[in-house]
Amino acid sequence: MFEMIKHRFRVMRAVAFVTYKEWSAYRTHSMVSIFVGPVYFLVQYYIWSAVYSGESSINGMSLSQMLSYFCATMLINYLTMDFADWNLQMLIRTGKFITFSLRPMNHMFYALSQKAGHRVLGLLFEFIPCFMIFFFIFHIDVLPANLLYAMLSIAMAFMMNFFIHYSIGMVAFWLVQSSSIRNFFSLCEGIFSGSLIPLVFFPKSLQMASFFLPFQYTTFLPAMVYTGSYTLADITLPIPQVLLLQFAAVIIAGIVCRVLYAVSLKHFTGVGA
């Protein structure tokens, strides 16, 4: 068992390193975030400054907390963003996915390893520069309330994002063109993840529904763990319980993704037989 885990780790490290080297040639693409991130923050700053005009707190969040929240969501996104759905769809459409039936590793593990290498690039050329800009230039408190809790939550958000996007990508096994489903999913993700607006601004019924949807576990929840407090639908939970909730959601998403992968492979090989 230990040897198998050790072997998988070596394989993941090798694939991640190759992916990192490959994408390093296009690192200026990632470095665009150094300019886009601060501009997006300034837009949010002026919008929410106008919203908070004359108000010290709205829905339990002060202006400084709101700004810290949006900085946290951007920083977390740099570490967890995922393109597994697009990559998988292109492999299936071009027929290149069949080559993975000849390789000694399944594509899901390969895609996860690729993401690890790609996000190391994001850490170096997106997360760290933007963190410095937010902290030293805009003087926003972007230090995590608890570094260990923040790292655990971001790691689980990393996995949750992968499971969600990979599951969406597997639609291409049944549909020739799944871009419309991906676009609809992206819309739902933007709304219900909390990246556009904190979920505490939603009606209580939608806040309750967010507990049973996968989206808040990718952005809103890790951002609240990052800032040190979590309240949703008038339910306040201590951070350790929040992490357990996120862990349970990730396990469920992982099981669903693995089952879908097994079913999709049977369908794929059946059609090609």
Only one of 77, 59, 87 that is under 23 Å from residue 199 (Cβ atoms), out of contact with any strand residue (DSSP E or B) (no Cβ under 7 Å at 6 or more places or on another chain), surrounded by 14 or more Cβ atoms within 10 Å (Cβ to Cβ) and of a type in the set (S, T, N, Q)
77
Elements of type helices (runs of 4 or more DSSP H) in segment 101-193, at least 1 residues being touching a residue at least 24 places away in the same chain (Cβ under 8 Å) and more than 21 Å from residue 73 (Cα to Cα)
107-122, 147-169, 179-192
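Quick grid of which residues meet (1) surrounded by 21 or more Cβ atoms within 10 Å (Cβ to Cβ); (2) farther than 25 Å from residue 141 by Cβ; (3) of a type in the set (Gly, Ala, Ser); (4) in contact with a Pro (Cβ under 7 Å, 6 or more places away or on another chain):
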position: 209; (1), (2), (3), (4): no, yes, yes, no
position: 217; (1), (2), (3), (4): yes, no, no, no
position: 225; (1), (2), (3), (4): yes, no, no, no
position: 228; (1), (2), (3), (4): no, no, yes, no
position: 241; (1), (2), (3), (4): no, no, no, no
position: 249; (1), (2), (3), (4): yes, yes, yes, yes
Look at residue 64 and say whether it is closer than 25 Å to residue 228 by Cα and outside any helix (DSSP H, G or I).
no
Only one residue in 70, 83 is at pLDDT 90 or above, under 19 Å from the mean Cα position of the chain (by Cα) and either closer than 20 Å to residue 218 by Cβ or of a type outside the set (Gly, Ala, Ser) (or both). Which one?
70
Would segment 91-106 turn up any residue that is within 27 Å of residue 28 (Cα to Cα), within 22 Å of the chain's Cα centre (by Cα) and crowded, with 19+ Cβ neighbours inside 10 Å?
no
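Kindly evaluate residue 215 against the criterion of being at pLDDT 95 or above, within 21 Å of residue 69 (Cα to Cα) and not polar (S, T, N, Q).
Judged against the criteria, residue 215 is a match.
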Would you pick out the residues in segment 139-183 that are closer than 19 Å to residue 106 by Cβ, small (Gly, Ala, Ser) and under 20 Å from the mean Cα position of the chain (by Cα)?
167, 169
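The values are calculated or read from the model by the stated rules, or taken from the named source; none is laboratory data. Every value quoted in this text rests on a predicted model; they were computed, and no experiment measured them. Reconstructed Cβ throughout: ideal geometry from the backbone, glycine too, with neighbour counts over all protein chains shown.
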